[in-house]
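Data block below; observations after.
The values are calculated or read from the model by the stated rules, or taken from the named source; none is laboratory data. Keep in mind that this is a model prediction, so the values were computed, not measured. No Cβ is skipped: glycine too gets one built from the backbone with ideal geometry, and neighbour counts run over all protein chains shown.
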Amino acid sequence: MQRLMLVALGGAFGSVCRYGLSLWTLQLAGANASTPLRFPLGTLAVNLLGCFVAGLLAGGIVRHEWFTPDVRVMLLVGVMGGFTTFSAFGLDTLALLRRGDIAMAGLYIAASVLCGLALVALGWWITSRGAA
């Protein structure tokens, strides 16, 4: 029951952070209700940052045994699960495809997957350098 509560609290925190970063990203890009962005930039920013942070955490946990098991569950399952959702990625991609923006959908898929994987690897590399 304790871990379930930690996941729930972490998920709530991650979700609030996701919402805030998405709004902030859209504001930086100059989007508003009358001029929305054609590209799902907020979701992309969240997913890429989430991939980087997940890589940092996973690398630190595996190589340096960061955090207790309870804190690991709260961070990786709760916070990161609430923060990054590829369900939003799927919905955004489908919306692009449904409106006929095939090239934009392809760019979005490539940027999300390739940059996300590169940032996970970078995070892992940063936290695992110098380990035996």
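Scanning segment 94-107 turns up one or more residues that are out of contact with any Phe, Trp or Tyr (no Cβ under 7 Å at 6 or more places or on another chain), at pLDDT 90 or above, charged (D, E, K, R) and in a helix (DSSP H, G or I). A Cβ distance below 6 Å, combined with a sequence gap of six or more or placement on separate chains, defines the contacts here; from segment 61-82, residues that are outside any helix (DSSP H, G or I) reach residues that are at pLDDT below 95 in the pairs W66/G60.
Just a yes or no: is a residue in segment 65-87 over 26 Å from L4 (Cβ atoms), of a type outside the set (V, I, T) and out of contact with any Leu (no Cβ under 7 Å at 6 or more places or on another chain)? Looking for residues that are over 26 Å from L4 (Cβ atoms), of a type outside the set (V, I, T) and out of contact with any Leu (no Cβ under 7 Å at 6 or more places or on another chain), one finds none in segment 65-87, hence no. Annotation note: of A45, A118, A54, A110, the sole residue that is without any contact (Cβ under 8 Å) to a residue 40 or more places away in the chain, surrounded by 15 or more Cβ atoms within 10 Å (Cβ to Cβ) and out of contact with any Phe, Trp or Tyr (no Cβ under 8 Å at 6 or more places or on another chain) is A45.
Any chance segment 22-32 includes a residue that's in contact (Cβ under 8 Å) with a residue 24 or more places away in the chain and surrounded by 17 or more Cβ atoms within 10 Å (Cβ to Cβ)? Lay out the reasoning, then the answer.
Let us first name the residues in segment 22-32 that are in contact (Cβ under 8 Å) with a residue 24 or more places away in the chain, namely 22.
Narrowing further to those that are surrounded by 17 or more Cβ atoms within 10 Å (Cβ to Cβ): 22.
Yes, that holds for at least one residue.
Filter segment 79-110 down to the residues that are in contact with a Ser or Thr (Cβ under 7 Å, 6 or more places away or on another chain), of a type in the set (G, A, S) and over 15 Å from C51 (Cα atoms) and list them by number. Matches in segment 79-110: A105 only.
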